[in-house]
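Data first, discussion second: the structure below is written as structure tokens.
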Amino acid sequence: MIRLENFSIESNKGRKLIKDVNLFIPSGSTVLIQGKHSAGKTMLARVIGLIDKPTYGNLYLLGKNISKLNRSELSGVHNEIGIVFQENYFFDQFDLETNIIFPLILKKEKRNDISQALKELLPWLSLEKVIKEKVYNLSIAELKLGQFARAIIGRPRILLLDRFFEDIDKGIQRKINYLILALKKIGTTVIVFNGLEDNVSINFNKKYIIYNESLQER
């Protein structure tokens, strides 16, 4: 689960983005958070993804108050989070396969388990033909799908997708929706951060919009 308690975040320049928000997201939920450009969607994703810290308040992930955890405990929670940002954050010197399986390498998963996870995932995302390509040779759509594969290959308990569905073919989006549904069934919480356009065809449990420094339910 995810809980924001008296939660506030500011931009790097000190502009208030979200102020005194209290929100509970149960495990296995699919949630949409929308907002205008610079409303704070990506910053909120970064805080929930443990890249940045909230300006004020408490963040609870998987039942744990993040501010109370030591480095080892924080790393354990971080390993349960999959994130896809607009930037790809891939290692350019590696091929796509190495980039996708990198989280499993860090977890020291067995080679056979890594190969099996990759074999099950790639056909769904139509990445078999480019899996050995260097990432700088890939299209924007292929990079996004590669990011998605990397984010879910370890079956995360929290999945954060920031502006992910732009430029994604409808046929591929249907496959992604199936994978998200499969993750939801094992208890993964999925949060999609999107603009105001309705280009996401997921069946969301809740929809919110960042407006006037608050998260308002739609």
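Overview of results
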quantity: Radius, Kirkwood style, for the chain when every pair of distinct Cα atoms is counted (Å); calculated: 17.9
quantity: Calculated from backbone phi, Karplus (6.51, -1.76, 1.60) coupling profile of region 139-151 in Hz, x at Gly/Pro; calculated: 6, 4, 5, 5, 5, 5, 5, x, 4, 4, 4, 5, 5
quantity: Model label zone, F91; criterion: amide N under 18 Å from point 7 Å along Cα-to-beta-carbon; scope region 129-158; calculated: 131-138, 146-154
quantity: In order through region 159-165: 3J(HN,Hα) via Karplus (6.51 cos²θ - 1.76 cosθ + 1.60), integer Hz, x for Gly, Pro; calculated: 10, 10, 10, 9, 6, 6, 7
quantity: Ranked packing of 104-111, 28-35, most packed first, by mean Cβ within 10 Å; calculated: 28-35, 104-111
quantity: FRET E, pair K53, E217, Förster distance 25 Å, beta-carbon r, rounded to 0.05; calculated: 0.50
quantity: Taking the chain and dividing mean pair separation by its residue count, relative contact order in percent (alpha carbons under 8 Å, at least six apart); calculated: 32
quantity: Reduced Cα scattering model of region 15-93, Debye log10 I(q)/I(0), q = 0.20, 0.21, 0.22, 0.23 Å⁻¹; calculated: -1.11, -1.21, -1.30, -1.39
quantity: Evaluated at q = 0.16, 0.20, 0.22, 0.27 Å⁻¹: base-10 log I(q)/I(0), Debye formula over Cα of region 128-169; calculated: -0.46, -0.69, -0.80, -1.04
quantity: Sites K119 and I186 - FRET efficiency at Förster radius 22 Å, r taken between beta-carbons, to 0.05; calculated: 0.70
quantity: For region 71-109 and region 134-178, distance of Cα centres in Å; calculated: 14
quantity: Quarter of the Cα convex hull surface for region 105-192, i.e. its orientation-mean projected area (nm²); calculated: 6.1
quantity: Region 94-105 - phi-based ³J(HN,Hα) in whole Hz, Karplus 6.51/-1.76/1.60, Gly and Pro as x; calculated: 9, 7, 4, 4, 4, 5, 5, 8, 4, x, 6, 5
quantity: Subset of K13/K206; K107/K134; K110/K185; K134/K184; K132/K207; K53/K170 violating a 27 Å alpha-carbon distance limit; calculated: K13/K206; K134/K184; K132/K207; K53/K170
quantity: Full-extension gain in nm, N137 to E5, via 0.36 nm per residue minus C-alpha separation; calculated: 43.2 nm
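Computed from the coordinates by the stated procedures, all read-outs in this text should not be read as laboratory data. This is a predicted model, so every value here is computed, not measured. Don't worry about glycine lacking a Cβ; one is built from the backbone with ideal geometry, like all the others, and counts go over all protein chains shown.
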